[in-house]
1. What residues have an amide H closer than 5 Å to that of residue 60, excluding those fewer than 5 places away on the same chain, when H is modeled at 1.01 Å from N in the peptide plane?
2. Cross-link partners among aspartates and glutamates for residue 345, C-alpha distance below 17 Å, same-chain residues fewer than 8 apart left out?
3. Placing unit charges on C-beta atoms (Lys and Arg positive, Asp and Glu negative, everything else neutral), compute the dipole magnitude of the range 248-358 about its Cα centre in debye, rounded to 20.
4. Given 47/172; 331/363; 95/171; 307/331, which pairs have Cα atoms separated by over 18 Å?
5. Please report the antiparallel percentage of DSSP beta bridges with both residues in the range 160-274, rounded to the nearest 5.
6. Mind putting a number on the dipole of the range 177-304 about its Cα centre? Charges go on the C-beta only, +1 for Lys and Arg and -1 for Asp and Glu, and I need it in Debye to the nearest 20.
7. What are the ³J(HN,Hα) couplings of the range 223-240, residue after residue, when phi is run through the Karplus curve with 6.51, -1.76, 1.60 and θ = phi - 60°? Round to Hz, x for glycine and proline.
8. Amide H neighbours of residue 371 under 5 Å, counting only residues 5+ apart in sequence or on other chains, H built in-plane at 1.01 Å?
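Any read-out appearing in this document is the output of simple, stated calculations on the displayed coordinates, not a laboratory observation. In this text the structure is predicted, and so the values were computed from the model without any measurement. No Cβ is skipped: glycine too gets one built from the backbone with ideal geometry, and neighbour counts run over all protein chains shown.
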Amino acid sequence: MKHTGMGAVALLSCALFVCSCASKQNQTHIKNPTVSTIAESFGDGQKVSAVIVEYAKEIDPDSVTLETYRVEGRKIDAVDFEGKSVKIHLAYENKWDATGGKMPARPKKADGEEKQGDGPRFDDEGTPVDLSASVVQTADIRAKDGTIFKASGEAWTSVSAKELVIEDFEKKSFADAETGITLPYFFYLPEGYSAAEKYPLVFFIPDASADTNIDTATLTQGNGATIWATEAEQAKHSAIVVAVQYPLSMVQKFGALTQDGYQWSVGLTAVDNLLHFVIENYAVDENRIYGTGQSQGCMSNIAISDKHPDLFAAQFLVAGQWNVEEMAAMKDKKLWIVVCEGDEKAYPEMSKAVDLWESLGSKVARGEAMWNPKASADEMKENVSAMLEKDADIRMNVFAGGSHMYTWSIAYNIEGIRDWLFAQSK
């Protein structure tokens, strides 16, 4: 009996020890979670939009709040869950808002004087966007089975990144026999693409800040290329999307794609030939070819439209200009022009062009007031609706204040203008 009693005590002690071990195991995690990021291209460039923290067990949503995590340098907007993963949504902040939409001073010349003008600029080498993130779990959280994942002062750094929409584009190259230029470009085909059908074509050309050695710059410098290939946009407007890349090596060898002298360049010939190559080799609806671009890309669009007045069904022209007299060829086009009040070149020159078209009999509409660049989506919808009430083929709107590059951080987010573009047909 005595032996049995001692055995019972031993068994009881063992049970308590096991229980204690289990309790301790439920209070700590064995290894750090895996962290990854999601990146998107916004109007002011590509940036991380969410951080994914994946644990060993499924998390109880009731144990997590917005204060549970801290992401270095970013504000947290929302948190949601999928199985073992916690998705931390980061608040979007337009980088130009911090400067009031104004561009910083340009780099100094060798003589110490600042470069003049309000045009785009690019880093000669190009710096890829940092798509990493560091996250700290600042409070305990609980798994659905009761396991406690303890808070940690340690910052966990992401190990991978998913680039939304960008990954849906295929990088191609076009060997132009006329110029000898091999031009890289990005190509998006709609889901379920069939050569037996006909699709609208959106042809996008970026500003000169994308003329770097970063091979995806035209997709990351803003959202003028990617916005047309998003799931939401393609659900409304299934279309082929082409985004031109004009890398630094071509600038060095053949010169800039566009310049203030408004001469037709060898690069423009290659871009023009690429556009016609796509039209001839894919199922493009030739009555619904749409051109768009900002700064250099806007100038290129105008030059190509001047050369081929019957090519585009409509164009969305952002923060650019061209030789006003030559633009007389576009008097019968369907255009929507957007510039910033603070754009020292595009605003006055495009205003002159609109005056010219009006004098030539074009139906023109200007916004009765400048648009607020920080307007909500509902306010912007009202702005667009007011413009669409006007009987016009050519429309021009001006954002109050701002500067050259600030324009396209906003322009492509305006859903109503995108819808207007797809409504046009030759």
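1. For residue 60, whose amide H was placed from the backbone, the distant partners under 5 Å are 142, 143, 144.
2. Within the straight-line cut-off, residue 345 pairs with 118, 207, 260, 325, 326, 355.
3. Charge dipole, the range 248-358, about its Cα centre: 260 debye, nearest 20.
4. Going by Cα-Cα distance, 47/172; 95/171 fall outside the 18 Å limit.
5. 70
6. 80
7. 10, x, 8, 6, 4, 6, 9, 5, 4, 5, 5, 5, 5, 8, 9, 5, 7, 7
8. Counting only residues 5 or more places away or on other chains, the set is 398, 399, 400.
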